[in-house]
Amino acid sequence: MFKKFVAKENVSGVTQMKSSAIRGVRAKLIEDYPGLEEFQDVILPKKESYNLVKCHERIEIIAIGGEPVFFRQRDGPYMPTLRLLHKYPTILPWQQVDKGAIRFVLSGANIMCPGLTSAGAKLAPAEEDSIVAIMAEGKTHSLSIGLMKLSSEEIHTVNKGIGIENIHYLNDGLWHMTQIK
Amino acid sequence: MAEPVEDIPVEEPEAEVEVPKKSKKKDKQDRANYPLKVNYCGVCSMPFEYCEYLADYDKCKRWWEEHFPDFFERAMKIGDGVDGEGDDPKKRQKRGGRGVIKAKKQVEKSKISVGRVTRNKKKFVTVVKGLETHGVSLKEAAKLFGRHFSCGSSVSGDEIVIQGDFVEDVMVLLVEKYPEIEEDDIEDIGKQKR
Ligand SMILES: [Zn+2]
């Protein structure tokens, strides 16, 4: 989603969010990510400015206090940015790819089933279409945020093709968008 | 009551930050560990453990040595880098060669030049070039100039054209309004002919 994204070119407008809209987002996020609830006061502070950054291809980024923290595309689910996830890694369920998959994930490739079922990988139960943090064998920090294209069970049984879509990864355009002006 | 600690995919507590064990018990102490502070590399912007996958790894290592000497030492002891992939050559071959990922290049900053162009002998326009390489939005800057000098100001290609002679004022305003622009970044290129 952000492979060729450049903030300077892809942002079409920044608007202040209304408090009713903020309430809606907060409720949706807590519903989607139960792990976020205990941190809601710090991740979604009441007294901060919320900006909605509209970008091309119907991507929306929510920036709190100028910092991009959540994003979504085409009214899909909101997802945390990797920089936020690094601060609160438990807000998403984790899937672990094996070492060999790291470089592919970092170049934006989707995550193939074998990279999730091999010895170095760990596949936790997750539903199709859910949002997960991609961790890696031997690493501490998440390298990508993905969308399950199959359920974990199906990934095991099918074991070929795309298992998780790579939505946002280290070094992509969103990663390099650190502040909203 | 001892809640079972969930299995988490962390195998190297040696890395630059330790992820607190994810436990179902959500007491205050647990929460106090967050937000985690993750150090990012000053060269490639990644968490250190991923530097090895980027093209400028040697530069990254030099940066660690300078800014995080403890981490650098530990990493070097373990071997070349945090974690070589060399232990399983078979796997690597199967998956294709080592595709080195290029770090996003910082746009080379060029000088900002401010000059005057004569329009029919007595009238001037001021032309500002090179702003975009300093991360300044041309559209916004043009608006700012227009508002500030109460005159026409527009973006034309990669430059901003301001109706009137504002060379000095533009230079002062740029330094004032944009913290990322220093006086030395701007040069007065004087009268330009079109
Ligand atoms: Zn680095």
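Among the residues of the range B:166-194, count how many are under 14 Å from B:VAL125 (Cα atoms) and crowded, with 17+ Cβ neighbours inside 10 Å.
3
Which condition number in (1) free of Cβ contacts under 8 Å to residues at least 24 places away in the same chain; (2) assigned to a strand (DSSP E or B) is the one that B:GLU176 fails?
(2)
If you go through the range A:171-181 one residue at a time, do you hit one that is hydroxyl-bearing (Ser, Thr, Tyr), touching a helix residue (DSSP H, G or I) at 6+ places or on another chain (Cβ under 8 Å) and surrounded by fewer than 20 Cβ atoms within 10 Å (Cβ to Cβ)?
Yes.
So that you can scan it fast, the table gives a plain yes or no per residue for (1) at the interface with another protein chain (Cβ under 10 Å from one of its Cβ atoms); (2) closer than 25 Å to B:PHE48 by Cα; (3) of a type in the set (A, V, I, L, M, F, W, C); (4) open to solvent by 10 Å² or more (accessible area, probe 1.4 Å):
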{"residue": "A:VAL105", "(1), (2), (3), (4)": "yes, yes, yes, no"}
{"residue": "A:GLY108", "(1), (2), (3), (4)": "yes, yes, no, yes"}
{"residue": "A:PRO125", "(1), (2), (3), (4)": "no, no, no, yes"}
{"residue": "A:GLY146", "(1), (2), (3), (4)": "no, yes, no, no"}
{"residue": "A:ILE162", "(1), (2), (3), (4)": "no, no, yes, yes"}
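Table: residues versus (1) within 14 Å of chain A (Cβ to nearest Cβ); (2) over 12 Å from B:SER113 (Cα atoms); (3) acidic (Asp, Glu).
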| site | (1), (2), (3) |
| --- | --- |
| B:VAL127 | no, no, no |
| B:GLU132 | yes, no, yes |
| B:VAL136 | yes, yes, no |
| B:LYS143 | yes, yes, no |
| B:PHE149 | no, yes, no |
| B:GLY157 | no, yes, no |
| B:ASP165 | no, yes, yes |
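Does A:THR81 satisfy the condition of being open to solvent by 60 Å² or more (accessible area, probe 1.4 Å) and closer than 30 Å to B:GLU132 by Cα?
Numbers: open to solvent by 60 Å² or more (accessible area, probe 1.4 Å): no; closer than 30 Å to B:GLU132 by Cα: yes.
When the stated conditions are applied, A:THR81 does not pass them.
Take the residues in the range B:25-39 that are modelled with pLDDT of 90 or more and out of contact with any Phe, Trp or Tyr (no Cβ under 8 Å at 6 or more places or on another chain); name whichever of them is farthest from the other protein chains (Cβ to nearest Cβ).
Only one residue fits best here, namely B:LYS37.
With the requirement that a residue be of a type in the set (A, V, I, L, M) and either surrounded by fewer than 14 Cβ atoms within 10 Å (Cβ to Cβ) or without any contact (Cβ under 8 Å) to a residue 40 or more places away in the chain (or both), what does the range A:15-61 give you?
Those that are of a type in the set (A, V, I, L, M) and either surrounded by fewer than 14 Cβ atoms within 10 Å (Cβ to Cβ) or without any contact (Cβ under 8 Å) to a residue 40 or more places away in the chain (or both): A:ALA21, A:ILE22, A:ALA27, A:ILE30, A:VAL42, A:LEU44, A:LEU52.
All but one of (1) at pLDDT below 85; (2) within 14 Å of chain A (Cβ to nearest Cβ); (3) in a helix (DSSP H, G or I) hold for B:LYS77, so report the exception by its number.
B:LYS77 satisfies all of (1) at pLDDT below 85; (2) within 14 Å of chain A (Cβ to nearest Cβ); (3) in a helix (DSSP H, G or I) except (2).
Of the residues in the range B:136-165, how many are open to solvent by 40 Å² or more (accessible area, probe 1.4 Å) and farther than 30 Å from A:VAL6 by Cα?
Matching residues across the range B:136-165 total 3.
If the requirement is being of a type in the set (D, E, K, R) and at the interface with another protein chain (Cβ under 10 Å from one of its Cβ atoms), which of these qualifies: A:GLU38, A:GLU60?
A:GLU38
The values are calculated or read from the model by the stated rules, or taken from the named source; none is laboratory data. Bear in mind the structure is a predicted one, so any value in this text is a computation, not a measurement. Using ideal geometry, Cβ is built from the backbone for each residue, glycine included, and neighbour counts are taken over all protein chains shown. Each accessible area value is taken on the protein alone, full model and side chains, heavy atoms only, with ligands, DNA and RNA left out. Shrake-Rupley method; radii C 1.70, N 1.55, O 1.52, S 1.80 Å.
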